[in-house]
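Read through the structure below, which is laid out as structure tokens, and then see the notes.
The values are calculated or read from the model by the stated rules, or taken from the named source; none is laboratory data. Because the structure is predicted, anything quoted here is derived from the model rather than measured. Ideal geometry is used to build each Cβ from the backbone, glycine not excepted, and the neighbour counts take in all protein chains shown.
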Amino acid sequence: MKKLVMSIMLSLSSLALAEEPAAADAQSAEVKGAKELTTKYLTALKAKKWADAKKLLHPKTLDSIAERKKRMGKEDHPMAPWYHEKVDYYLKDFKVGDARQGPTESTVIVKVTEDNFQVEDKGVAEGEESAYLVGKKDGKWYLVDKKRGEDFTNDSIKIGYKGWFDKIEKKEEAAPAE
């Protein structure tokens with residue numbers, strides 16, 4: 001009986017291991033794609049190609065920027081670098097770092113280290129850490145938002161961006177059999 005139980009446990013263990021790489025590959029492909037999109041976006045910002053950068057922004061992000069402009073008279077939004085370029089700062093260089101899956105398969109958080117030219121100080125602030133939220137809507141990946149010096153939490157994404165992304169729930173890992 002013990003041999004049978006051990007044999008079954010080994011088989012289940014082998015089966016679980018065989019499934020893990022496929023899930024990891026799918027996740028890493030999404031994470032890799034999000035990092036590539038973030039790199040493309042930041043490259044456009046560095047070159048001050050605002051139209052190219054705007055094409056990579058989530059439609060609701062663009063709506064949010066427009067709403068701020070209407071309400072406040074200015075596009076003061078973390079994802080509106082064309083506004084900040086003349087008065088605050090602009091991107092001189094960047095390094096895309098780690099990325100992780102968000103609370104659903106349609107969200108990824110990408111860490112970036114940025115060197116920004118500070119307009120008022122006339123100098124470069126090096127190594128500023130930011131987090132970018134990348135999400136999928138209608139099957140297409142977009143840049144959604146940015147946080148400087150902090151990170152996105154799974155709860156902040158679930159609550160603050162409700163309805164922004166395709167509804168693909170992240171698969172929960174099966175609990176081990178007892």
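Brief remarks on what is shown
- The set of residues in segment 138-156 that are among the β-branched types (V, I, T) and under 17 Å from L45 (Cβ atoms) contains only V144.
- Against the test of being under 18 Å from K46 (Cβ atoms) and touching a Phe, Trp or Tyr at 6+ places or on another chain (Cβ under 9 Å), the options G97, G123, G135, G160 yield a single qualifying residue, G123.
- Going through (1) acidic (D, E); (2) touching a Phe, Trp or Tyr at 6+ places or on another chain (Cβ under 6 Å); (3) within 16 Å of T39 (Cα to Cα) one by one, D145 falls short only on (2).
- On the stretch given as segment 63-81, residues that are hydrophobic (A, V, I, L, M, F, W, C) and buried (at least 16 other Cβ atoms within 10 Å of the Cβ) total 3.
- Taking the numbered list (1) at pLDDT 95 or above; (2) crowded, with 20+ Cβ neighbours inside 10 Å in turn, T113 passes all entries but (2).
- Neighbours by Cβ (under 6 Å, 6+ apart or cross-chain): first from segment 29-50, free of Cβ contacts under 8 Å to residues at least 60 places away in the same chain; second of a type outside the set (G, A, S) and not in a helix (DSSP H, G or I): T39/V96; L45/L91; K46/L91
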